[in-house]
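Student: Below: one structure in C-alpha cells.
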Amino acid sequence: DTGVSQDPRHKITKRGQNVTFRCDPISEHNRLYWYRQTLGQGPEFLTYFQNEAQLEKSRLLSDRFSAERPKGSFSTLEIQRTEQGDSAMYLCASSPGTGVLLAFFGQGTRLTVV
Amino acid sequence: AQKVTQAQTEISVVEKEDVTLDCVYETRDTTYYLFWYKQPPSGELVFLIRRNSFDEQNEISGRYSWNFQKSTSSFNFTITASQVVDSAVYFCALDSGAGSYQLTFGKGTKLSVIP
C-alpha cells in the first residue's frame, strides 16, 4: 500500500490521559499536514511540515498538542491531558511539495475521550 | 478570512438521477484553488478535482462535472446518473494559493443514493 498510513485507526482514552498518533506519508512527499474533523463538520487545519520543519500552526493547536516530524519522514501528533472536546477524527495528509498543490489524505485516527 | 458554504446538509436521490452539490466560497485572494473531496464511510478523504482561480472552464470526468463561476463565487459539482457507490459526504474546499495548502473546508453534503 503506497498511500498515507495512520495508526491507530481508533483510540479510546480516559480524560486526562496522553495519546499519540502516527502518520506515515507517501514516500518522497516532503509536505505533511494534520487536520481535525469533528462530527458533522469539515476538516480543520492544525499544522503542517515541510520536511522536518513545522512551518505553520493553527490557533486550534493548543499547548496540549504537539506534533513532530523527525528526519522528515513519519510524523506524530501527541495530545496531553486529553479532554472530551478532543474527541474527533485526526486526519493526516501529504503532498509532493511546492508547485504541486495536491494532498492525499489517510484514513484518519478516530479519538474518543471518555 | 476565507469561508466555504455548502448549504445542502443532506441530499437523497434515487439511483440514476442527476444531482448537483452546491459550493459557495469567500476569499479576498486573487489567486486561489478550489477542491472537491469525497469521504466514504471508511473516513478517507478522496481527492476528486482541483481548480485554480484563473481557469473558469467547466470540467467533465466521466459522470462527474464541475461548474466554476467566479462571478457568483460558486464551484458546483454534478453527478450524472448517480449510483449507490456515490453515497458519501462530499466536501468543497478552498486554498488561498499562498502555497501553504491550508485548506478551508465546507461542512460537507451527505449524499444518499437509494437503489
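The values are calculated or read from the model by the stated rules, or taken from the named source; none is laboratory data. Bear in mind that the values here come from a model prediction, so they are computed numbers and not experimental data. Cβ coordinates were reconstructed from backbone atoms using ideal geometry, including for glycine residues, and neighbour counts include every protein chain displayed. Just so you know, the surface numbers come from the protein's heavy atoms only, side chains and all, with ligands and any DNA or RNA stripped out. Shrake-Rupley method; radii C 1.70, N 1.55, O 1.52, S 1.80 Å.
Student: In the range B:69-89, what residues are at pLDDT 95 or above and in a strand (DSSP E or B)?
Tutor: B:Ser74, B:Phe75, B:Asn76, B:Phe77, B:Thr78, B:Ile79, B:Ala88, B:Val89
Student: Tell me, which residue of the range A:53-66 that is in a strand (DSSP E or B) and either closer than 12 Å to A:Ile79 by Cβ or among the β-branched types (Val, Ile, Thr) (or both) is farthest from the other protein chains (Cβ to nearest Cβ)? Steps first, please.
Tutor: The first filter runs over the range A:53-66 and keeps only residues in a strand (DSSP E or B), leaving A:53-57, A:65-66.
Those still in the list that are either closer than 12 Å to A:Ile79 by Cβ or among the β-branched types (Val, Ile, Thr) (or both) too: A:65-66.
Numbers: A:Phe65: 16, A:Ser66: 19 Å.
Here the residue is A:Ser66.
Student: Same structure again: May I ask you to verify whether B:Tyr64 is touching a residue at least 60 places away in the same chain (Cβ under 8 Å), of a type in the set (Phe, Trp, Tyr) and more than 10 Å from every other protein chain (Cβ to nearest Cβ)?
Tutor: Taking the combined requirement at face value, the residue does not satisfy it.
Student: Follow-up. Looking only at strands (runs of 3 or more DSSP E) that lie completely in the range A:1-52, which have at least 3 residues being facing another protein chain (nearest Cβ under 10 Å)? Break it down into steps so the answer makes sense when it comes.
Tutor: Details: elements: A:5-7, A:10-13, A:19-24, A:31-37, A:44-50.
Passing ranges, in order: A:31-37, A:44-50.
Student: Quick check on my filter: what residues within the range A:31-43 are crowded, with 17+ Cβ neighbours inside 10 Å and either touching a Phe, Trp or Tyr at 6+ places or on another chain (Cβ under 7 Å) or modelled with pLDDT under 95 (or both)? Full working, then the answer.
Tutor: Quick first cut of the range A:31-43, residues crowded, with 17+ Cβ neighbours inside 10 Å only: A:31-37, A:42-43.
Selection gives A:Arg31, A:Leu32, A:Tyr33, A:Trp34, A:Tyr35, A:Arg36, A:Gly42, A:Pro43.
Student: OK, next. State which residue is farthest from the other protein chains (Cβ to nearest Cβ) when the search covers only the range A:67-83 and only residues that are touching a residue at least 24 places away in the same chain (Cβ under 8 Å), open to solvent by 20 Å² or more (accessible area, probe 1.4 Å) and on the phi < 0 side of the Ramachandran plot.
Tutor: A:Gln80
Student: While we're on this one: What number of residues within the range B:9-68 satisfy the criterion of being open to solvent by 60 Å² or more (accessible area, probe 1.4 Å), closer than 17 Å to B:Thr104 by Cβ, assigned to a strand (DSSP E or B) and of a type outside the set (Lys, Arg)?
Tutor: Going through the range B:9-68 one residue at a time, the tally reaches 3.
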